[in-house]
């Protein structure tokens, strides 16, 4: 294996220092970092190829103006913009037979797909929504910036402003719009990023495990096996994944719950919430809201931000409180 310093391969032209890359190597390991950085360099921003889907419409920027203009012609753009700022609070019950009594009623605030640098008005709607809810921990399931490449400064600065209003421990994973170079900035703002890892959450002498995987949709650097190995047998486990596309692997790795996003619920839907399209290779029933696969209980957030165009139709943005219940 090459012993060439990672900094000499990946730091050129980047504002981040060699020391930051060295920190990342210590944080996630040389192989994971080298894979992620290499795939980002080779593939980020491509319209065709790489990832679970061959075609990536979010990277076809000429399509963005076509969609926006089509919505303006039909008179739906203005309504869609207003809908995109109407962040709803949803509540979801997670009934688990092996849940310790100490965690009965435990509340998880789930926020996904922020894309914070797409619409400067979204942050105010999001802060207003999170300030009035009560929860025990918060989880973020990826996609912090709007584009899949380029600067992440605006998204990270905006997220830091949101983090101030999240009054508990926050855990997160990366999505297909995120670079691994965000990890240090996220952890500097006290967001614990789970990179194919698991941590114990303790309460009154009892514990559950929270695991998280790196992006499985585009960069495909997820490792459920590594995350699952850190979960003791018999302990209730919750997996954070940016995309629901890893549902089969999660179920057969014996995770009890999977929280994810990525699909935006379709973002532009027919009346009744049926997605026109959704960017995920999984059954339509997994594209939004609660679902189940074998013994795995899942929830796919519609997200609170927008992709491609800052518009939502028949698919309001959401934050979700998951209530853990002993069955």
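The values are calculated or read from the model by the stated rules, or taken from the named source; none is laboratory data. Just so it is clear, the structure is predicted and the values come from calculations on it, not from any experiment. Every residue, glycine among them, receives a Cβ derived from its backbone with ideal geometry; neighbour counts consider all protein chains shown.
Name the residues in the range 188-203 that are outside any loop (DSSP other than H, G, I, E, B) and either within 14 Å of the chain's Cα centre (by Cα) or touching a residue at least 40 places away in the same chain (Cβ under 8 Å) (or both), would you?
191, 192, 193, 201, 203
Condition first: within 18 Å of residue 67 (Cβ to Cβ) and assigned to a strand (DSSP E or B). Can you find one or more residues in the range 294-308 that meet it?
No, there is no match, as no residue in the range 294-308 is within 18 Å of residue 67 (Cβ to Cβ) and assigned to a strand (DSSP E or B).
I want to confirm something. Restricting to the range 160-173 and keeping residues that are in contact with a helix residue (DSSP H, G or I) (Cβ under 7 Å, 6 or more places away or on another chain) and assigned to a loop (DSSP other than H, G, I, E, B), which single residue is farthest from residue 123 (Cα to Cα)?
166
Please tell me if residue 171 is crowded, with 19+ Cβ neighbours inside 10 Å, in contact (Cβ under 8 Å) with a residue 24 or more places away in the chain, more than 18 Å from the chain's Cα centre (by Cα) and closer than 22 Å to residue 92 by Cβ.
Considered against the rule, which asks whether it is crowded, with 19+ Cβ neighbours inside 10 Å, in contact (Cβ under 8 Å) with a residue 24 or more places away in the chain, more than 18 Å from the chain's Cα centre (by Cα) and closer than 22 Å to residue 92 by Cβ, residue 171 comes out as no.
Taking the condition of being closer than 21 Å to residue 85 by Cβ and surrounded by fewer than 24 Cβ atoms within 10 Å (Cβ to Cβ), how many residues in the range 139-158 meet it?
Number of matching residues: 5.
Touching a strand residue (DSSP E or B) at 6+ places or on another chain (Cβ under 9 Å), closer than 18 Å to residue 115 by Cα and surrounded by fewer than 19 Cβ atoms within 10 Å (Cβ to Cβ): which single residue out of 283, 316, 290 fits that description?
316
Please find, within the range 204-245, the residue that is modelled with the highest pLDDT out of those that are assigned to a loop (DSSP other than H, G, I, E, B), closer than 24 Å to residue 107 by Cα and touching a helix residue (DSSP H, G or I) at 6+ places or on another chain (Cβ under 6 Å).
213
Quick check on the range 110-138: of everything there that is within 13 Å of the chain's Cα centre (by Cα) and under 25 Å from residue 325 (Cβ atoms), which residue is surrounded by the most Cβ atoms within 10 Å (Cβ to Cβ)?
Out of the qualifying residues, it is 112.
Could you say which residue among 179, 243 is in contact (Cβ under 8 Å) with a residue 24 or more places away in the chain and over 18 Å from residue 34 (Cα atoms)?
Numbers: 179 fails: over 18 Å from residue 34 (Cα atoms).
Every option except 243 fails the conditions.
Please identify the pairs in which a residue from the range 268-280 that is at positive phi and part of a loop (DSSP other than H, G, I, E, B) has its Cβ atom under 8 Å from the Cβ atom of a residue that is surrounded by fewer than 22 Cβ atoms within 10 Å (Cβ to Cβ) and at pLDDT 80 or above, counting only partners at least 6 apart or on another chain.
272/314; 273/314
Listed here are the residues, each with its yes/no results for (1) under 20 Å from residue 208 (Cβ atoms); (2) over 20 Å from the mean Cα position of the chain (by Cα); (3) free of Cβ contacts under 8 Å to residues at least 24 places away in the same chain.
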| site | (1), (2), (3) |
| --- | --- |
| 79 | no, yes, no |
| 94 | yes, no, no |
| 106 | yes, yes, no |
| 140 | yes, no, no |
| 161 | no, no, no |
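Which ones in the range 217-230 are buried (at least 23 other Cβ atoms within 10 Å of the Cβ) and over 14 Å from the mean Cα position of the chain (by Cα)?
Selection gives 227 alone.
Can you confirm whether the range 54-61 contains a residue that is under 30 Å from residue 311 (Cβ atoms), over 24 Å from the mean Cα position of the chain (by Cα) and either at pLDDT 80 or above or assigned to a helix (DSSP H, G or I) (or both)?
no
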